[in-house]
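The values are calculated or read from the model by the stated rules, or taken from the named source; none is laboratory data. Computed from a predicted model, the values in this text were never measured in an experiment. Reconstructed Cβ throughout: ideal geometry from the backbone, glycine too, with neighbour counts over all protein chains shown. When the accessible area is computed, the model is the full protein with side chains, heavy atoms only, and any ligands, DNA or RNA have been set aside. Shrake-Rupley method; radii C 1.70, N 1.55, O 1.52, S 1.80 Å.
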Amino acid sequence: MTQPSANPIPGRTVGILLAGGLSRRYGSAKAFAEYEGRSFHERGHEALSGACDLVIVSASEALAPDFAAAYEVCADLPQLAGLGPLAGLASVMQRYPAERYIVLPCDMPRIGPQEIRRLRAAAEDGPAADIAALRSPEAGDLPLLSVWRGGLAGLLEKRVLSGRLGVMKLLAELDTLWIDAALIHADPTIFHNFNVPPDAG
């Protein structure tokens with residue numbers, strides 16, 4: 001494994017809900033879109049809460065005020081603002097040290113508490129790794145539905161500042177444990193991420 005860049009808090013698990021920004025391709029902010037009567041961010045927050053000590057919503061500074069006061073929202077650090085998911089992860093990790101982070105993109109509203117608990121268990125039962133992520137023949141690689149060890153904040157920040165924003169390239173360079181998504185849920189459609197509204201078309 002790579003060497004830690006900061007001191008994690010032993011035993012602490014922080015959930016990171018990647019809520020992004022205005023989602024222009026989607027047409028509106030995905031975090032506030034709805035699936036089966038509930039917003040994407042509400043569903044994602046609930047999913048993470050069942051397996052984490054604390055859940056942080058990672059969102060752009062422009063979007064952050066739109067969340068209810070009950071949600072703890074972390075905007076990107078100024079030097080990382082608007083630079084993609086690695087920037088969001090680095091910003092949360094810098095401000096909320098933990099032993100591990102469970103990451104969930106808000107545009108996967110079919111993922112629930114049971115899937116997150118299974119993901120955490122699979123990561124903990126497997127060999128030690130920097131990151132544990134899912135892959136399946138049907139859903140492909142799911143690098144942002146994953147568990148990250150603490151101590152990676154500095155590394156992520158350096159990569160973002162140097163323009164290396166690719167998530168898959170990072171996972172290829174770090175010690176990544178790829179978990180069969182079928183162990184988390186037998187139906188691969190549960191891992192679908194919505195790039196257009198659920199009722200579009």
| task | Can you tell me which residue within region 160-174, out of those that are of a type in the set (A, V, I, L, M) and open to solvent by 30 Å² or more (accessible area, probe 1.4 Å), is nearest to LEU77 (Cα to Cα)? | result | LEU161
| said: Being of a type in the set (Lys, Arg) and surrounded by fewer than 14 Cβ atoms within 10 Å (Cβ to Cβ) is the filter here; which residues of region 28-84 pass it? | reply: ARG38
| note | Screening ALA98, ALA132, ALA122 for residues that are without any contact (Cβ under 8 Å) to a residue 60 or more places away in the chain, open to solvent by less than 30 Å² (accessible area, probe 1.4 Å) and touching a strand residue (DSSP E or B) at 6+ places or on another chain (Cβ under 8 Å) leaves only ALA132
| said: Scan region 137-160 and tell me whether some residue there is hydroxyl-bearing (Ser, Thr, Tyr) and within 26 Å of LEU80 (Cβ to Cβ). | reply: yes
| field | Breaking point among (1) touching a helix residue (DSSP H, G or I) at 6+ places or on another chain (Cβ under 8 Å); (2) assigned to a loop (DSSP other than H, G, I, E, B); (3) buried (at least 21 other Cβ atoms within 10 Å of the Cβ); (4) modelled with pLDDT of 95 or more, for ASP107 | value | (4)
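Residue-wise test of (1) of a type in the set (Asp, Glu); (2) within 16 Å of VAL92 (Cβ to Cβ); (3) at pLDDT below 95.
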residue	(1), (2), (3)
PRO10	no, no, yes
GLY15	no, yes, no
GLY21	no, yes, yes
HIS41	no, yes, no
GLY44	no, yes, no
SER49	no, yes, no
ASP53	yes, yes, no
ILE56	no, yes, no
